[in-house]
Structure formats: structure tokens, C-alpha cells
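What follows is a single structure, written as C-alpha cells, with notes after it.
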Amino acid sequence: MTALSLAAAPVISLETQADIAQREALLDLAFGRAARLAKTSERLREGRKPAEGLAFAAHGPDGRVVATLRLWHVAAGPSRPALLLGPLAVHPWFRDRGLGGAMMTTAICEASRLGHGAILLVGDAPYYARFGFDAGLTKDLWLPGAFDRSRFLGLELAPGGLKDARGLVSPTGAPVDLPSLGELVAQTGGTGEMRRSA
Ligand SMILES: CC(C)(COP(=O)(O)OP(=O)(O)OC[C@H]1O[C@@H](n2cnc3c(N)ncnc32)[C@H](O)[C@@H]1OP(=O)(O)O)[C@@H](O)C(=O)NCCC(=O)NCCS
């Protein structure tokens with residue numbers, strides 16, 4: 001029996017604050033830090049909180065984060081609420097055993113249950129087509145930067161969720177909380193200079 005038997009299958013749940021550092025490390029491993037932060041999709045995520053109840057983590061048998069997936073509020077053209085999905089990453093040790101698919105299914109079902117009408121993403125069409133994503137649904141939409149149209153995909157959760165969607169996709173999520181003055185002073189140690197870790 002291998003160390004990763006079915007009994008030790010990762011468990012998917014809502015992400016918590018305690019997952020954030022491991023999530024960042026997993027994304028760096030999966031995409032490379034500079035490359036992932038340079039993506040056009042990141043322009044729709046930076047400085048925003050993920051959609052409420054739609055940030056997921058999977059934990060392995062030792063409790064570490066082994067998969068991550070978040071959805072974000074956007075407008076798909078004027079007055080058209082939608083969600084942006086991503087990034088999706090599974091730790092290399094846990095790939096090809098259905099965890100990415102389980103993360104996708106969980107996210108899509110939960111977004112639908114919460115009443116959202118459509119999901120957009122930028123990713124590999126051969127992977128995402130199995131969940132119903134289609135480039136045809138985004139043909140009149142644009143992203144705020146360079147993108148490959150064949151990788152810009154949409155999924156309708158409600159009938160007509162992307163019907164006649166046209167224009168620029170823009171971020172609409174709540175802004176991240178800024179640190180308080182007290183937290184900033186603590187970070188600088190009162191010297192005005194940020195502390196660096198060794
Ligand atoms: C893509 C990723 C999330 C898939 O996770 P996973 O847990 O291995 O996925 P699943 O086990 O649910 O599905 C595996 C299947 O997807 C296929 N697949 C994986 N990545 C694929 C890709 N980029 N394009 C097409 N098919 C892909 C596998 O070949 C396998 O096919 P099979 O079912 O016919 O054998 C994972 O490989 C990963 O984290 N990659 C690095 C980050 C990344 O590329 N994220 C997605 C951005 S496009």
C-alpha cells in the first residue's frame with residue numbers, strides 16, 4: 001500500500017487565514033511567482049478579496065495545503081456580474097487523481113448554489129472544457145491586458161448568464177483590508193523601516 005491511499009484522500013474546505021502562507025507557496029511552486037503575478041487575470045484580483053464563501057483549499061493527510069482555488073467578483077462588461085475563477089493549483093504529488101476536478105466541481109456547485117450566474121477564467125481549454133467552459137461565451141469580452149482568446153473561457157450557471165456579454169471585464173470585489181496604524185507601526189518596529197526576515 002502506498003503512503004497516499006484512498007483513506008488519506010485530501011479534504012476540500014473553505015480556505016482560512018491559516019492557509020494563506022501555504023497557498024502562496026503552492027502557487028509559487030505551480031506557476032512561479034513572477035510569472036503568476038504578471039498574468040492579466042491578476043489585474044482583476046490584486047487588491048481585492050475573493051468572493052465570500054468561494055475560496056477553497058484542500059488539505060493533505062498531514063494537514064498541509066495541497067490544492068487551492070478561488071473565485072472573484074468581476075463585471076463581464078457593464079452591469080453584468082460574474083465570477084473570475086483562478087488560480088487553480090494542485091501540488092505535484094497529488095495530481096492525476098481527480099483532486100483538480102473535485103476542486104472545480106465543488107467551486108462550480110457552490111457558486112451556483114449561492115446564486116451566481118456565470119464564471120470566467122483564463123486557462124487551458126482542453127482541461128476546462130470537461131466542466132463546460134467554452135471560449136464562445138467570451139467572444140465579445142476583453143481583459144485589461146494581453147490574453148490568448150482561445151484560453152479565455154466562460155460557463156453559464158444560469159440560463160443566459162453570459163448572453164450578449166460585451167465589453168471590458170473589470171474587478172468589482174471588495175478591497176482588501178488595509179493594515180491599521182498600529183499594525184504598520186508594529187511592522188516597522190517604530191523606526192519607519194519595514195522589518196525584514198532573515
Ligand atoms: C491543472 C491541474 C490543476 C490539474 O489537477 P489534477 O488534480 O491533476 O487534475 P485531475 O486529476 O482532476 O485531472 C487530471 C486529468 O486532467 C488532465 N490535465 C491536467 N492538466 C491539463 C492541462 N493543462 N490541459 C489538459 N488536460 C490536463 C490530465 O492529463 C488528466 O487527464 P485524464 O483524466 O484523461 O487522465 C494541475 O495539473 C496543476 O496544478 N497544474 C499546475 C497549475 C496549472 O496549470 N493550473 C491550471 C491553470 S490552466
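When you scan the range 106-128, do you find a residue that is of a type in the set (Asp, Glu) and farther than 12 Å from Leu153 by Cα, even just one?
Step one: of the range 106-128, the residues of a type in the set (Asp, Glu) are 110, 124.
After this cut, where a residue has to be farther than 12 Å from Leu153 by Cα as well, the list is 110.
Yes: one or more hits.
With respect to Asp62, determine if the residue is at negative phi, away from the ligand (no atom under 15 Å from the Cβ) and of a type in the set (D, E, K, R).
Working: at negative phi: yes; away from the ligand (no atom under 15 Å from the Cβ): yes; of a type in the set (D, E, K, R): yes.
Criteria met by Asp62.
I'd like to check something: does the range 19-39 contain any residue that is exposed (fewer than 12 other Cβ atoms within 10 Å of the Cβ) and within 22 Å of Pro171 (Cα to Cα)?
Looking only at the range 19-39, we keep the residues that are exposed (fewer than 12 other Cβ atoms within 10 Å of the Cβ), and these are 21, 32, 34-35.
Still in the list and also within 22 Å of Pro171 (Cα to Cα): 34-35.
Yes, the range 19-39 contains a residue that is exposed (fewer than 12 other Cβ atoms within 10 Å of the Cβ) and within 22 Å of Pro171 (Cα to Cα).
In the range 76-113, what count of residues is obtained for those that are away from the ligand (no atom under 16 Å from the Cβ) and hydroxyl-bearing (Ser, Thr, Tyr)?
Number satisfying all stated conditions: 2.
Suppose the filter is in contact with a Leu (Cβ under 9 Å, 6 or more places away or on another chain), under 24 Å from Ser13 (Cβ atoms) and buried (at least 16 other Cβ atoms within 10 Å of the Cβ); does Leu84 pass it?
Values: in contact with a Leu (Cβ under 9 Å, 6 or more places away or on another chain): yes; under 24 Å from Ser13 (Cβ atoms): yes; buried (at least 16 other Cβ atoms within 10 Å of the Cβ): yes.
Yes.
Using the structure shown, decide if Val11 is in contact with a strand residue (DSSP E or B) (Cβ under 7 Å, 6 or more places away or on another chain), among the β-branched types (Val, Ile, Thr), on the phi < 0 side of the Ramachandran plot and crowded, with 18+ Cβ neighbours inside 10 Å.
Values: in contact with a strand residue (DSSP E or B) (Cβ under 7 Å, 6 or more places away or on another chain): yes; among the β-branched types (Val, Ile, Thr): yes; on the phi < 0 side of the Ramachandran plot: yes; crowded, with 18+ Cβ neighbours inside 10 Å: no.
No.
Can you tell me which of Leu153, Leu137, Leu168 is touching a strand residue (DSSP E or B) at 6+ places or on another chain (Cβ under 6 Å) and within 16 Å of the ligand (Cβ to nearest atom)?
Numbers: Leu137 fails: within 16 Å of the ligand (Cβ to nearest atom); Leu168 fails: within 16 Å of the ligand (Cβ to nearest atom).
Among Leu153, Leu137, Leu168, only Leu153 is touching a strand residue (DSSP E or B) at 6+ places or on another chain (Cβ under 6 Å) and within 16 Å of the ligand (Cβ to nearest atom).
Scan the range 56-98 for residues that are within 24 Å of Leu37 (Cα to Cα) and among the polar types (S, T, N, Q) and report the count.
Here the count works out to 1.
From His116, His73, grab the single residue that is closer than 23 Å to Gly145 by Cα and away from the ligand (no atom under 16 Å from the Cβ). Reasoning before the result, please.
On the way: His116 fails: closer than 23 Å to Gly145 by Cα.
Going through His116, His73 in turn, the sole match is His73.
Name the residues in the range 164-180 that are loosely packed, with under 11 Cβ neighbours inside 10 Å and closer than 19 Å to Asp140 by Cβ, would you?
Passing the criteria: only Asp164.
Against the condition more than 9 Å from the ligand (Cβ to nearest atom) and closer than 26 Å to Leu137 by Cα, how does Glu24 come out, does it pass? So that I can check it myself, show each step before the final result.
Values: more than 9 Å from the ligand (Cβ to nearest atom): yes; closer than 26 Å to Leu137 by Cα: no.
It is false that Glu24 is more than 9 Å from the ligand (Cβ to nearest atom) and closer than 26 Å to Leu137 by Cα.
Starting from residues that are surrounded by fewer than 15 Cβ atoms within 10 Å (Cβ to Cβ) and among the hydroxyl-bearing types (Ser, Thr, Tyr), keep the ones in the range 124-152 and report whichever is farthest from the chain's Cα centre (by Cα).
For the range 124-152, the residue satisfying everything is Ser150.
Take Arg70 and tell me if it is basic (Lys, Arg), at pLDDT 95 or above and crowded, with 18+ Cβ neighbours inside 10 Å. First the steps, then the outcome.
Values: basic (Lys, Arg): yes; at pLDDT 95 or above: yes; crowded, with 18+ Cβ neighbours inside 10 Å: yes.
Considered against the rule, which asks whether it is basic (Lys, Arg), at pLDDT 95 or above and crowded, with 18+ Cβ neighbours inside 10 Å, Arg70 comes out as yes.
Leu121: within 10 Å of the ligand (Cβ to nearest atom), hydrophobic (A, V, I, L, M, F, W, C), at negative phi and surrounded by fewer than 21 Cβ atoms within 10 Å (Cβ to Cβ), yes or no? Give the steps one after another, and end with the answer.
Numbers: within 10 Å of the ligand (Cβ to nearest atom): yes; hydrophobic (A, V, I, L, M, F, W, C): yes; at negative phi: yes; surrounded by fewer than 21 Cβ atoms within 10 Å (Cβ to Cβ): no.
Taking the combined requirement at face value, the residue does not satisfy it.
The values are calculated or read from the model by the stated rules, or taken from the named source; none is laboratory data. If you're wondering where the values come from, they're calculated on a predicted model, not measured in any experiment. With ideal geometry, Cβ positions are generated from the backbone for all residues, glycine too; neighbour counts draw on all protein chains shown.
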